[in-house]
Amino acid sequence: MPIAHVCVNKAWGASRVDEKRRHPRTEVNEPGYVSSGGSVMHCTIVNISPDGAAIEVENPAFVPHRFRLVMANDASVVHECQVIWSKKTRIGVSFIKPA
C-alpha cells in the first residue's frame with residue numbers, strides 16, 4: 001500500500017472524529033473549579049467550545065456525573081456540565097443548555 005494512501009486514510013479518520021463536534025475546541029489551559037453540592041474542586045480547563053470542554057482533575061473519582069464548571073479567571077462564567085467521557089485524569093464534558 002503506498003504511503004500517501006495510508007496518510008489519506010489517517011487524515012480522513014481524524015477529520016471524521018472531529019465531524020462529531022459542531023464547534024472546534026479552543027486550547028485554553030486555564031484554571032477552573034468543579035462545583036457540586038457545596039463542594040469545590042480545582043481543575044484545569046484544557047480546551048473549550050460553545051458545546052463542551054475537556055478538563056484535567058487530580059482525582060476523577062470525585063467528579064460527579066453532573067456539576068458546574070466555574071472559570072477561575074471570571075467566576076461569573078459558569079457552565080452546567082454532564083460528563084461524556086473520562087480517561088485517566090482528563091474528563092470530557094458537554095454543556096447542558098437551559099430549557
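The values are calculated or read from the model by the stated rules, or taken from the named source; none is laboratory data. Computed from a predicted model, the values in this text were never measured in an experiment. So basically every Cβ, Gly included, is an ideal-geometry build from the backbone, and we count neighbours across all protein chains shown. Remember, those area values only see protein heavy atoms, side chains included, never the ligands or the DNA or RNA. Shrake-Rupley method; radii C 1.70, N 1.55, O 1.52, S 1.80 Å.
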Checklist entry - Taking a ≥ b ≥ c as the square roots of the eigenvalues of the Cα gyration tensor of the range 35-99, is the shape rounded (a/c under 1.5), prolate (a/b larger than b/c) or oblate? => result rounded
Checklist entry - In the range 23-67, if every C-alpha pair distance is counted and binned at 5 Å from zero, what percent goes to each bin? => result 5, 23, 29, 22, 16, 4, 1
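Net charge within 11 Å of residue 93 by Cβ-Cβ distance, Lys/Arg positive one each and Asp/Glu negative one each, not counting residue 93 itself?
+1
So, for the range 17-74, what is the accessible surface per residue at a probe of 1.4 Å, expressed in square angstrom? Let's see the in-between values first.
Working: 3690 Å² over 58 residues.
I get 64 Å² per residue for this part.
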Item to check | Karplus 3J(HN,Hα) series, Hz, for the range 64-74 with 6.51 cos²θ - 1.76 cosθ + 1.60 (x for Gly, Pro) | outcome: x, 4, 10, 7, 9, 9, 10, 6, 5, 6, 8
Next on the checklist: Per 0.36 nm of contour for each residue apart, how much would the distance between residue 82 and residue 62 grow if the chain were fully extended, relative to their Cα-Cα spacing?
Outcome noted: 5.8 nm
Next on the checklist: What do you get for trypsin sites (Lys or Arg not before Pro) in the range 67-99 restricted to DSSP loop and a cutoff of at most 15 other Cβ within 10 Å of the site's Cβ?
Outcome noted: 88
